[in-house]
Every structure is written in structure tokens, then in C-alpha cells.
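Shown next, in C-alpha cells, is the structure this report addresses.
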Amino acid sequence: MKIEEIENIELTYLEINDYQEFKSAMILAYTTMPDSYWKEVHIKNLLSKFPEGQVVIKVNGIFAGCALSIIVNYDNLPENHTYNDVIGNYSFNTHNPKGNVLYGIDVFIVPEFRGLRLGRRLYDYRKELCEKLNLKGIALGGRIPNYHNYSDKLSPKEYIEKVRTKEIDDPVLNFQISNDFHPAKILKGYLYGDNASNEYAVLLEWDNIYYEKPTNTATSIKKIVRLGLIQWQMRPYNGLDELMQQVEFFIDAVSGYRADFALFPEFFDAPLMAENNHLSESDAIRELAKHTESIIHKFTELSISYNINIITGGMPEMVDGKLYNIGYLCRRDGSIEKYEKLHITPDEEKVWGMVGGNVLKSFDTDCGKIGILICYDVQFPELSRLLTDEGMDILFVPFLTDTQNGYSRIRNCAQARAIENECYVAIAGCVGNLPNVHNMDIQFAQSMVFTPCDFAFPTNGIKAEATPNTEMILIADVDLDLLLELNHSGSVRNLRDRRTDVYELKRKGS
């Protein structure tokens with residue numbers, strides 16, 4: 001049939017009244033197995049057990065194709081199962097509404113209607129059904145009807161590899177692979193009488209990336225996460241209490257928008273050094289470090305009372321006589337964890353005598369797994385890749401830069417991290433000036449949320465951006481499911497396409 005002749009395409013459930021059309025269509029579709037059509041009693045039995053899994057596609061009211069499926073407990077199927085094992089010798093007693101995998105037991109398109117991509121519509125329905133029922137995935141035994149032409153020269157494994165590399169054309173297997181199914185194993189003696197395939201089949205699987213393992217707990221990982229970025233204005237404060245009053249103002253504001261995270265910049269507490277401006281820069285920042293414990297204690301209280309996860313930026317902290325740049329993740333459940341700046345800038349080392357930390361880790365939250373890199377660390381792509389290998393979805397980067405040159409380094413590197421690691425990256429910095437604090441006189445920032453660059457995301461990879469050099473908050477929602485889709489079926493797939501046979505990245509000592 002030609003496309004211009006099509007007036008209507010309808011996808012609908014199979015009904016027993018369709019049986020005669022179904023039988024005729026199946027005979028036309030399976031020319032090499034004309035006597036293998038389903039009997040009416042089998043279809044009636046199948047419909048009584050799982051009507052939602054049986055769909056037909058009609059073109060101009062004419063039966064054009066069909067897809068049949070059941071739900072099975074995949075773990076209970078024999079490792080080298082046959083078609084009869086799957087359908088229970090046409091009893092369909094293997095169908096289990098509480099099973100975990102949708103098993104495709106038949107799909108066909110009448111020859112007259114091939115080339116119209118109708119099979120893709122049937123497969124899209126199966127995928128949507130799988131997601132709707134929260135099943136782990138779809139499985140099926142895929143015929144290889146051209147294999148009999150090569151069986152004297154190639155093993156099934158060799159045949160499949162040549163189909164994948166386009167050296168051999170196998171319309172059935174090519175169709176399955178183009179629909180994101182991946183070969184899992186060879187099944188010998190799968191379908192009795194399938195001489196075209198020498199009775200071999202390829203076990204094909206499609207993974208439901210949205211599958212959520214059933215749980216008895218009352219909590220779940222959020223899929224839409226709201227970020228609150230604090231673009232902090234440097235200004236004089238009369239002591240710690242006044243500074244923390246401003247902190248609480250911002251936390252109150254972002255929590256009022258029901259944000260899940262509040263991100264503060266690096267060294268937002270620097271104004272407190274003004275009271276020690278008579279000291280050397282290295283002594284003044286060590287005096288500032290004496291406030292860090294009190295600041296963390298207050299942040300912990302605020303995270304609980306405002307029901308928000310807080311990332312405190314980076315602050316000076318003395319540990320065993322050494323000065324580090326350290327921040328804390330204060331979760332809304334009251335737990336806290338520390339993160340460290342690993343790469344210290346030449347200025348931090350020269351002026352303050354600061355040293356780099358040694359711990360790199362990702363963090364589990366009620367909004368997925370996150371990573372935190374302080375300022376300069378985001379310019380080292382190895383760090384974020386290691387965090388990505390641990391499952392990071394969102395990378396937070398608190399920073400402080402004095403010039404636009406410095407800011408551009410942070411911005412451009414952060415955006416690159418979002419693309420190469422298929423994750424969201426949120427950056428927040430300080431703005432304004434501190435004329436009474438040595439080595440902290442001017443700041444430049446534009447807080448932003450970056451995304452990968454693919455169809456589901458903004459074309460420029462920018463989800464949200466603050467006004468440059470202006471005190472404000474930036475609120476943005478990010479969808480974690482979009483990252484799953486990107487990793488599974490994006491235009492390019494950075495993480496999946498890595499040549500780990502050529503190179504690898506690993507931690508010291510691992």
C-alpha cells in the first residue's frame with residue numbers, strides 16, 4: 001500500500017471478533033510456516049488472561065498487523081528456554097500479573113503493509129505498556145529467518161555479529177536492534193518447525209529505564225528536582241549572627257519555592273574577615289576558620305527546620321594544623337557529610353597557605369546521587385567523570401572568582417562537564433566587593449544551571465541563568481528521567497560510547 005492511499009491508521013486491542021482477519025493476516029505474514037497460525041481457542045484464552053497485552057493495527061479498517069505478549073516471572077524461565085516454555089504449551093499458565101518482564105510472543109505485519117513503519121508503532125505500544133506496568137523490561141525470542149542461507153559457513157554467533165555490522169541483512173533482527181533491543185544469548189531449538197532459522201532464535205531484551213523496584217518504605221527518590229542557587233552579595237556584617245541572618249533569609253526564600261537544594265557560593269563567609277583586617281591574610285583566614293563549626297551547626301538546624309538540603313559552599317577549616325577549603329552537605333533529615341576542595345589555586349596556596357584535600361566522593365540524597373566540586377576542581381574533568389561512574393545525576397559547583405576571566409573558566413568547564421557526563425551542573429558564586437578585606441576585594445559571578453545538549457534539553461545547554469553581578473536567587477527544575485533517556489537513546493551517548501578497551505580512568509589504589 002502507498003502512503004498516499006492511507007486514510008486512517010488505528011491501533012486498538014485485539015478482540016475475539018477479529019479472529020478470522022487475524023488468522024488470514026498471520027498466514028500471509030508467515031509464508032515459510034503457513035500452518036503455524038494461532039487457533040481461535042488459544043486467542044480466546046490469551047485474551048481472557050491479558051487483554052491489555054494484545055493489540056492490532058488496522059489501515060483503512062483492514063487488519064495490517066498484530067503484537068501479542070504476556071507477563072512472566074523472568075527469573076523462573078529456564079536459561080535455555082523454548083517458545084513452548086514461554087507460552088506453557090499454549091495454556092499461557094506462565095502469564096503472571098505479578099511478574100517482572102513483558103515477553104513478546106508474536107508480532108507480524110502483513111506483507112502488503114510493510115515499509116510503513118507499523119511495526120515500530122506496535123513496539124512503541126509495548127514499551128509504553130512496560131513502563132505503565134512498572135516492569136523491568138521486554139524480552140522475546142527473535143527469529144533469524146535468513147540464517148539457513150549461511151548456516152553451513154557461520155555459527156549463529158558469527159551470523160548475528162555480521163548482521164550487526166551490516167555485512168548481512170536480516171530483516172527481523174535488524175528491526176529488533178533498530179528498536180533498541182540488544183541480543184542477550186542464542187536459544188537453540190527455540191521454535192519447532194522454524195527451518196528458516198534452523199530453529200535458532202536470539203534472546204532479545206529491552207530495559208525499562210524507568211523501572212522502580214517495589215519497596216515497602218514510605219520514601220522514594222524524586223524525579224523532578226528543584227534547585228535553589230544563592231548568588232550572594234558580599235557586604236559588611238556586624239558579626240556571625242548578622243551574616244547567618246542573611247543566610248536564613250535566602251534559605252527561607254528558596255524553601256518558600258519548595259526547592260530541594262540550596263547552593264551557597266564558596267567563601268560566602270569572607271566578610272567576617274573584616275574584623276581581622278589588621279592581621280596578615282594568612283592569619284585573618286585562620287581566624288575566619290574558627291567560625292566554621294558554628295556555621296555548620298546553624299546550617300544543620302536550618303536544613304531541618306526549612307526541609308531543604310543545603311550545600312554550604314566552601315569555607316576555611318583547620319584540621320590537624322593544616323588549612324583546608326571544606327564544605328558540607330546538610331541533608332534535611334539532619335545528617336551531614338563533608339566534601340573537600342582537592343585542587344588549591346596558586347593564590348590560595350601562596351597568600352593563605354591552604355592545602356588541598358584528599359577525599360572525592362558522591363553523595364546519596366532523597367533526590368538522587370549528587371557530586372560537589374569546589375570552584376577550581378571543576379576544571380579537572382577526571383573528578384566529575386569519577387563521580388559520574390558512581391551514578392551522579394547533579395553536580396554542584398560553589399565558586400568564587402574575582403574577574404570575568406576566572407568566571408569564564410568556571411562557566412565553560414562546568415558546561416563541558418554537563419555534556420560529557422550527561423548530568424546537570426549547577427554553579428553559584430559571590431558578587432560585589434569587600435573593600436575592607438585583603439585578597440577578597442572584588443568578585444564576579446553569574447550563577448547558572450547547565451544541561452546536556454540534546455533534544456530533551458535547551459539547545460544551548462542552559463536551563464537557567466541569573467543576572468550577572470546582581471544579588472538574587474535562581475530557581476530551576478531538573479528532570480532526572482531525561483538523563484536516563486539521554487543515556488539510553490540520545491543522539492550521542494558519551495558514557496556508553498567510551499572506548500574502555502583503549503583507555504580507562506581509575507582512582508589511586510583501586
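For the range 460-498, give me each residue that is within 22 Å of Tyr407 (Cα to Cα) and among the hydroxyl-bearing types (Ser, Thr, Tyr). Give the derivation first.
Taking the range 460-498 as the starting set, the residues that turn out to be within 22 Å of Tyr407 (Cα to Cα) are 460-476.
Of everything in the range 460-498, those that are within 22 Å of Tyr407 (Cα to Cα) and among the hydroxyl-bearing types (Ser, Thr, Tyr) turn out to be Thr467, Thr470.
Return the total of residues in the range 332-341 being at pLDDT 95 or above, of a type outside the set (Asp, Glu) and surrounded by 19 or more Cβ atoms within 10 Å (Cβ to Cβ).
Looking only at that region, the number is 2.
Need the failing condition index for Val254 against (1) within 21 Å of Val425 (Cβ to Cβ); (2) assigned to a helix (DSSP H, G or I); (3) without any contact (Cβ under 8 Å) to a residue 60 or more places away in the chain; (4) not hydroxyl-bearing (Ser, Thr, Tyr), just the number.
Among (1) within 21 Å of Val425 (Cβ to Cβ); (2) assigned to a helix (DSSP H, G or I); (3) without any contact (Cβ under 8 Å) to a residue 60 or more places away in the chain; (4) not hydroxyl-bearing (Ser, Thr, Tyr), Val254 violates only (3).
Within the range 414-437, can you find the residues that are part of a helix (DSSP H, G or I), crowded, with 19+ Cβ neighbours inside 10 Å and not polar (S, T, N, Q)? Can you show your working first?
Residues of the range 414-437 that are part of a helix (DSSP H, G or I), as a first pass: 414-421.
From what's left, crowded, with 19+ Cβ neighbours inside 10 Å: 414-415, 417-418, 421.
Matches in the range 414-437: Ala414, Arg417, Ala418.
If the Cβ limit is 9 Å and pairs must be 6+ apart or interchain, which residue in the range 28-47 that is in the same structural domain as Leu14 (by TED's automatic domain parsing) and farther than 18 Å from Asp194 by Cα pairs with which residue that is β-branched (Val, Ile, Thr) and at pLDDT 90 or above?
Glu40/Ile16; His42/Ile87; Ile43/Ile16; Lys44/Ile16; Leu46/Ile70; Leu46/Ile87; Leu46/Ile105; Leu47/Ile16
Residues are listed down the side, and each one gets a yes or a no for (1) in the same structural domain as Pro265 (by TED's automatic domain parsing); (2) surrounded by fewer than 18 Cβ atoms within 10 Å (Cβ to Cβ); (3) among the aromatic types (Phe, Trp, Tyr):
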{"residue": "Ile296", "(1), (2), (3)": "yes, no, no"}
{"residue": "Ile304", "(1), (2), (3)": "yes, yes, no"}
{"residue": "Ile308", "(1), (2), (3)": "yes, no, no"}
{"residue": "Gly313", "(1), (2), (3)": "yes, no, no"}
{"residue": "Pro316", "(1), (2), (3)": "yes, no, no"}
{"residue": "Ile326", "(1), (2), (3)": "yes, no, no"}
{"residue": "Asp347", "(1), (2), (3)": "yes, yes, no"}
{"residue": "Trp352", "(1), (2), (3)": "yes, no, yes"}
{"residue": "Asn358", "(1), (2), (3)": "yes, yes, no"}
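For the range 198-252, which residues satisfy the criterion of being more than 30 Å from Ile296 (Cβ to Cβ) and among the aromatic types (Phe, Trp, Tyr)?
Correct list: Tyr200, Trp206, Tyr210, Tyr211.
Which number in (1) under 18 Å from Ile105 (Cα atoms); (2) charged (D, E, K, R); (3) under 36 Å from the mean Cα position of the chain (by Cα) marks the one condition that Glu10 misses?
Here Glu10 clears every test but (1).
Going residue by residue through the range 178-198, is there one that turns out to be part of a loop (DSSP other than H, G, I, E, B), farther than 21 Å from Asn80 by Cα and touching a strand residue (DSSP E or B) at 6+ places or on another chain (Cβ under 9 Å)?
Going through the range 178-198, the residues part of a loop (DSSP other than H, G, I, E, B) turn out to be 179-181, 188-194, 198.
Filter again for farther than 21 Å from Asn80 by Cα, leaving 179-180.
Filter again for touching a strand residue (DSSP E or B) at 6+ places or on another chain (Cβ under 9 Å), leaving 179-180.
Yes, there is a match, as at least one residue in the range 178-198 is part of a loop (DSSP other than H, G, I, E, B), farther than 21 Å from Asn80 by Cα and touching a strand residue (DSSP E or B) at 6+ places or on another chain (Cβ under 9 Å).
Taking the criterion of being assigned to a loop (DSSP other than H, G, I, E, B), out of contact with any helix residue (DSSP H, G or I) (no Cβ under 8 Å at 6 or more places or on another chain) and either hydroxyl-bearing (Ser, Thr, Tyr) or not assigned by TED's automatic domain parsing to the domain that holds Ala29 (or both), would at least one residue in the range 111-122 satisfy it? It would help to see each step written out before you state the result.
From the range 111-122, those assigned to a loop (DSSP other than H, G, I, E, B) are 114-117; that's our starting set.
Applying the additional criterion that residues be out of contact with any helix residue (DSSP H, G or I) (no Cβ under 8 Å at 6 or more places or on another chain) yields 114-115, 117.
The next check asks that each one be either hydroxyl-bearing (Ser, Thr, Tyr) or not assigned by TED's automatic domain parsing to the domain that holds Ala29 (or both); those that pass are none.
The answer is no; no qualifying residue exists.
Within the range 281-327, take every residue that is in a helix (DSSP H, G or I) and among the basic types (Lys, Arg) and give me the one that is farthest from Arg258 (Cα to Cα).
Taking the candidates together, the pick is Arg286.
Please work out which one of (1) closer than 30 Å to Asn487 by Cα; (2) in contact with a Gly (Cβ under 6 Å, 6 or more places away or on another chain); (3) not polar (S, T, N, Q) is the condition Tyr328 fails and give its number.
(2)
The values are calculated or read from the model by the stated rules, or taken from the named source; none is laboratory data. This structure is a prediction, so every number in the text was calculated from the model and none was measured. Cβ sites come from the backbone with ideal geometry, for glycine too, and all protein chains shown count toward neighbours.
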